[in-house]
Amino acid sequence: MDTIASLFSFITWPVSWVIVQFHTLYGAIFGPDTGWAWGLSIVSLVVLIRICLVPLFVKQIKSTRNMQVLQPKMKAIQERYKSDKQRQSEEMMKLYKETGTNPLSSCLPILAQSPFFFALYHVLSAIASNKKIGVIDQSLLDSARQAHIFGAPLAAKFMDSAEKVEALGASLVDVRVVTAVMIVMMSASQFFTQRQLMTKNVDLTVKTPYMQQQKMLMYIFPLIFAVMGINFPVGVLVYWLTTNVWTMGQQMYVINQNPTPGSKAQDQYLGRLLKSITTHGEVRGRTKRNTVKRIVSKGPDRNDIERKFITGLAKLGLAAQEDGTVEKSDTAVADAEGGAAQRRQQPKRQTKAQRHTGAGQQSGAKDTDSSESEPTTSLQKKAPQDDKPKPAGKPASGSSRQAKSGQRKGPQRPKHPSKK
């Protein structure tokens, strides 16, 4: 870790300068040698870095959503050119270029803040070794070594020996308890951040390997941070815990205000929006109008959640407009009521016995109608019955079945004279 941190030594001067400026501010409030002054300086450094990385975070969201949409097409390309890896790569690059998607955009925030992370680690390691670094002179170095967060020095690690911890003016038990609690909180925040992304902000209509990969990362990342955390100084744990909490809050805001289409979060968001429109009779807020505008522009390409929202507006007698507003519309009410009436008028499914009985009744009714409708003429007189006896033991099979089943009643042939 020290070797990697030394690679980013070029950025230690600006990182140390920012920390010293914040320390001057908080030192005037809490005292220059307190853990609050130095701890809040690190927290403020994280907040400043994350604010500067907001544009990259927006790109990350767009890239992640584009990757989710492209997963079915990517899978089709892999199946089609599975024997030609070069052609497969060419088609993948062509697909990325046509859709303007960059697979690396989802990693940009992490890659961008990595130099600051390692630079801070380098600064805290120098403080633990009692070495001046950047703009931190000897007086600031002594102040930082005296600063403790809940009894643990900023430069102490979970794996440090008792002698090294005592040199920083603390006990090994305090250091390990504080670092263990911070490692658990850091891993938990990472797990919760990934979990809310998978359970609320993923298109449920698309089942792709990408979702399985994200589920694996949901469990793997916290374990990685837990293992690495035992080698981080307390100050670095403060940094990483703060950035995880920031990411969790930032993602929660995005999920609530700009959810992924087709996700559970979109269903909840459009439900709240419909309730707001019901209460106020209009779309309030530019962000909400832009949401309605996007739904209207999709036309027939809307997903089921968006169609449900449009239907809910129609039941209120409102129609969404292209500019994101809503207006009263009698046609929308008629369409909504007509659709509901059609759904109510659908016949229920009958059993096989009910269909058989109904068919028998219909055929009997047709026979009755035809017999009543035909006029009786001299040519249509009843033909005399044949007196020739029929051989015994061969009754009409159809008549016997009908008589036994009782489903159809009609004229029966007379019995043989010998059986009377």
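The values are calculated or read from the model by the stated rules, or taken from the named source; none is laboratory data. Worth saying up front: this structure is predicted, and the values here are computed from it rather than measured. Note that we place each Cβ from the backbone using ideal geometry, even for glycine, and neighbour counts take in every protein chain shown.
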task = Starting from segment 287-300, keep only residues that are over 14 Å from Pro261 (Cβ atoms), then list their pairs with residues that are part of a helix (DSSP H, G or I) whose Cβ atoms are within a distance under 6 Å, requiring at least 6 positions of separation or different chains.
result = Lys288/Leu273
Residue check, Leu124 under 30 Å from Ile42 (Cβ atoms) and at pLDDT below 75 = no
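For segment 297-331, enumerate the residues that are at positive phi and surrounded by 17 or more Cβ atoms within 10 Å (Cβ to Cβ).
Correct list: Gly324 only.
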remark   = Given (1) hydroxyl-bearing (Ser, Thr, Tyr); (2) part of a helix (DSSP H, G or I); (3) touching a residue at least 24 places away in the same chain (Cβ under 8 Å), Thr101 misses just (2)
remark   = Residue pairs within 6 Å by beta carbon, gap of at least six or interchain, first lying in segment 172-195 and of a type in the set (Phe, Trp, Tyr), second part of a helix (DSSP H, G or I), listed first then second, are Phe191/Pro222
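Ala156: in a helix (DSSP H, G or I) and buried (at least 16 other Cβ atoms within 10 Å of the Cβ), yes or no?
no
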query = Of everything in segment 281-296 that's assigned to a helix (DSSP H, G or I) and among the charged types (D, E, K, R), which residue is surrounded by the fewest Cβ atoms within 10 Å (Cβ to Cβ)?
reply = Arg286
ask   = Can you find a residue in segment 285-292 that is of a type in the set (Lys, Arg), outside the structural domain of Ile110 (by TED's automatic domain parsing) and over 23 Å from the mean Cα position of the chain (by Cα)?
value = yes
